[in-house]
Amino acid sequence: MTSIHQAVMTTELIDAIRPQAGGRYLDGTLGGGTHTEALLQDSAPDGVVCSLDVDPVALERARERFKGMEPRWIGVEANFRHLAEVTTDQGLTPLEGVVLDLGFSSDELEDFSKGISFQQDGPLDMRLGPKANEDGLTAADIVNSWTQQEIETVLRNFGEESHARTIAREILKARKAARIIGTLDLVSVIKKAVPHRPSKIHPATKTFQALRIVVNDELESLRMAIKGAQQVLKPGGRLAVITFHSLEDRIVKQAFQSETWSPVYKKPLEPTEIEIKQNPRARSAKLRAAERL
């Protein structure tokens, strides 16, 4: 089982963390395992890396990839919001570095059972794994049960969708006829609401982003992860975060402005033009890093 995901800004991320032999590091978003592998390589021969993911399939792939590297590598099925508890339970604190890559992987996009992609049909779920949220909420629950005002608020606040009201109204109209259960069912509803969008992005992009963020409680998980990193990093230890949209980047930027952190860079790093050409999904990535004071 091989990952098809192409991680972004790996060189910049590792430069920000500065792994050292014997150090202890956490990769809060394992995904395809690229960043974990880089941390293991640069902390050799005796550094330890703990990787978290809510997707058991990602962990299964990683166990094959890093077979024989235990006890230097530890994989745990957990949401990164619980990183402080996990690393404490594993006896790894204090840590020298924590990395969070907030993009979802190509493996997840290609797994249509998750319902993240609007390119192929799948169940309207959007949970990234069994432990992605605490209450079992799915995207289908939101579009079929929440009020028009609640859906509009979700699309506006978490997708920055300018057509939030029109889309919410169309969703309520459609669900009166039949329950919206598939990703392409929802795409069809969105296209009816916004038939002539003058934009290069797919008309469903912002709606799917908003629903995924709410289902996985992504923004609150990020806030909790930053607080957790503050607790388990040693003084001088570093947290590096790769974000992919303004809502995430704003949370990281504001957190790093507190007196607990000292930013490594004045402005976020962005991928090179070469990397963007090789991997177009990297185009919206931003890397911020800070040292725990």
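The values are calculated or read from the model by the stated rules, or taken from the named source; none is laboratory data. The shown structure was predicted, so the numbers you read here are calculated from the model rather than taken from an experiment. All Cβ positions, even for glycine, are placed from backbone atoms using ideal geometry, and neighbour counts span all protein chains on display.
Structural remarks
Per-residue answers, yes or no, for (1) at pLDDT 95 or above; (2) farther than 16 Å from G97 by Cα:
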site	(1), (2)
P203	no, yes
E218	yes, yes
K227	yes, no
Q231	yes, no
G237	yes, no
W261	yes, no
V264	yes, no
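- Failed condition for T87, given (1) assigned to a helix (DSSP H, G or I); (2) touching a helix residue (DSSP H, G or I) at 6+ places or on another chain (Cβ under 7 Å); (3) of a type in the set (S, T, N, Q); (4) closer than 26 Å to Q278 by Cα: (4)
- Scanning the range 186-200 for residues that are without any contact (Cβ under 8 Å) to a residue 60 or more places away in the chain and of a type in the set (A, V, I, L, M, F, W, C), we see that the one that is nearest to L155 (Cα to Cα) is I190.
- Any hit, the range 31-49, residues being part of a loop (DSSP other than H, G, I, E, B), under 29 Å from T207 (Cβ atoms), at pLDDT 95 or above and of a type outside the set (F, W, Y): no
- Criterion violated by Q120 - all others in (1) over 20 Å from the mean Cα position of the chain (by Cα); (2) in a helix (DSSP H, G or I); (3) of a type in the set (S, T, N, Q) satisfied: (2)
- Criterion (among the polar types (S, T, N, Q) and surrounded by 17 or more Cβ atoms within 10 Å (Cβ to Cβ)) met by exactly one of S199, S188, S221: S221
- Residue match in the range 24-42 (condition: over 18 Å from V8 (Cα atoms) and touching a residue at least 60 places away in the same chain (Cβ under 8 Å)): yes
- Scan of the range 123-148 for residues that are without any contact (Cβ under 8 Å) to a residue 12 or more places away in the chain, charged (D, E, K, R) and assigned to a loop (DSSP other than H, G, I, E, B), ordered by number: D135
- Looking across V54, V86, one residue alone is surrounded by 21 or more Cβ atoms within 10 Å (Cβ to Cβ), over 27 Å from S246 (Cβ atoms) and in contact (Cβ under 8 Å) with a residue 24 or more places away in the chain. It is V86.
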